[in-house]
Amino acid sequence: MQEVIPVSNRTPYSLVDVNEVSVPSLAQRRHGQDLVIGVDVAKGELVACVVGSDRSFERPWRVKSPGQVRTLVDQLTQLRRHCPLVVAMESSGTYGDVLRQALADAGVEVRRVSAKAVKDYSETFDGVPSQHDGKDAAIIGTLAQSGHGKTWAWHDRDDEASQALRYFVRRLDTAQRIKQVFCGKLESLLARHWPEASALLSQSGATLTRALHRWGNPRLLAADEQAPALLKGFGGHYLSEQKIGRVIDSARSTVGVRMNAWSIREMRDVAGAIVKQRKRILRCRRELKKLTRNNRVIQAQAPAVGLVTACVLWMCLGDPLNYPSAAAYRKAMGLNLKERSSGMHKGKLSLSKRGQRLTRKWLYFSALRWMKEPSVKRWMENKKQRDGGRGGKAVVGVMRRVALAAWHAGQGAVFDPKRLFPGSGARRSAQAAQSGGATMN
């Protein structure tokens, strides 16, 4: 008769509700051990796993967020009376902030574990490369138990000035993203109804958007006798009389598709949305200028990256004085290079893109501004030529250099744009001219 071996469907990672956990029984099993509770954070659920000093772990606990957060903290507080413990978490945006604050209020230490370390350790942990909540919680606890966690103290959102800076930076970035969406819509409308306008005026500039918000139709603009004076008021000293004349002539003779009442209404709405977001951006810039007037680091970084980008770096990365080197500061932005090579395969270098996306976005804008500087432009052209006419890597190169410059400026160094790419400046041109002259002689 063949023997039947019973098989359990329960895996080591099967979850148990936090309300069903018996703390006295757990404390008796783990008596005298230093425990680490690894927590995997998701949007609506937390998974906690107790890992002992011998690196064995209990069945993970399912914790509904936010409904059972207090229950989890109460269980841990009760367990701490019997066994020393700390909680380990990944840095997971804002989803884990509720638990972090509750743990801080209860006096429980929290440590942060790298998400990349968790991913890299997934196959080594149990021989299977899969990742899921219960396993990740166990890995987080095991890594922290092995000394791979860093203290992650909870701080109530700094002082009022820092909170205000965070508010206006986020408000400005949101307005900029909304403006960008409407600029894309305006581009398509202009291509259909007034294709000549983009060659005369900046598509997202104050003059064209305010004009379209008022008239909505280039032919209505051309027919209005007050148009020259109004356009002058929109553009100010940046708009000459000659250009005003060319704009009106273009509006009168455009080959664009004739507009009806609904297309005029759409044009006005889109242009009006851009005007509104421009005003919001300007207000945020003024507030940030006031807030950072006495911030030495931001004022020092502003010549290198611009005031808004300096505020973004301060908000996302903190004080550059806390970073031991410029490379570490750049790495925190996700601008360090990574490579995946194996055997005969030679991988390509690419950005790690770790850290907050906002820093890379605004540093990209700073890099675009510096591309007009002669030495940077000269380096860009040479880099594009080496890359077969593609400019993407050249832009990344400028971003990486500007990131280093921001760290040095934050340390107190005076920013000099010629030092971004010193080998591409006037010295190299002079050497080339001398060598050329010697050859001719």
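No lab work stands behind these numbers, since they all come straight from the coordinates. Given the structure is predicted, the values throughout are model-derived calculations rather than measurements. Here the Cβ is made from the backbone with ideal geometry for all residues, glycine too, and neighbour counts use every protein chain on show.
For the reader, a short list of remarks on this structure follows.
- Unsatisfied cross-links (Cα-Cα over 21 Å) in the set Lys43/Lys150; Lys338/Lys377; Lys119/Lys331: Lys43/Lys150; Lys338/Lys377
- DSSP beta bridges fully contained in the chain are about 60 percent antiparallel.
- As a rough footprinting exposure proxy, the listed residues Ile298, Ile274, Ile248 were ranked by other beta carbons within 10 Å of their own, and the order from fewest upward is Ile248, Ile298, Ile274.
- Euclidean distance of C-alpha centroids, region 342-393 and region 188-210, integer Å: 30 Å
- Three principal axis extents of the chain based on alpha-carbon atoms, in descending order, are 96, 72, 62 Å.
- Qualifying trypsin sites (Lys or Arg not before Pro) for region 214-311 [loop in DSSP, other Cβ within 10 Å: at most 15]: Arg258, Arg293
- Quarter the surface of the alpha carbon convex hull of region 305-383 and you get the mean projected area, 6.9 square nanometres.
- Within straight-line cross-link reach of Lys393, aspartates and glutamates at Cα separation under 13 Å, skipping those fewer than 8 residues along the same chain: Glu381
- Kirkwood's formula applied to the C-alpha pairs of region 229-342 gives a hydrodynamic radius of 19.1 angstrom.
- Arg265-Arg170 FRET efficiency (beta carbon distance; Förster radius 41 Å; 0.05 resolution): 0.85
- Relative contact order of the chain: 11 percent, from C-alpha pairs under 8 Å at least 6 residues apart in sequence.
- Summarising the amide proton neighbourhood of Asp34: residues at separation of 5 or more, or on other chains, whose placed amide H is nearer than 5 Å comprise Ser53.
- Global geometry of region 16-151, whether rounded, prolate or oblate, following the gyration tensor of its Cα atoms and the 1.5 cut on a/c: rounded
- Region 161-290: mean projected area of Cα convex hull, nm²: 8.2 nm²
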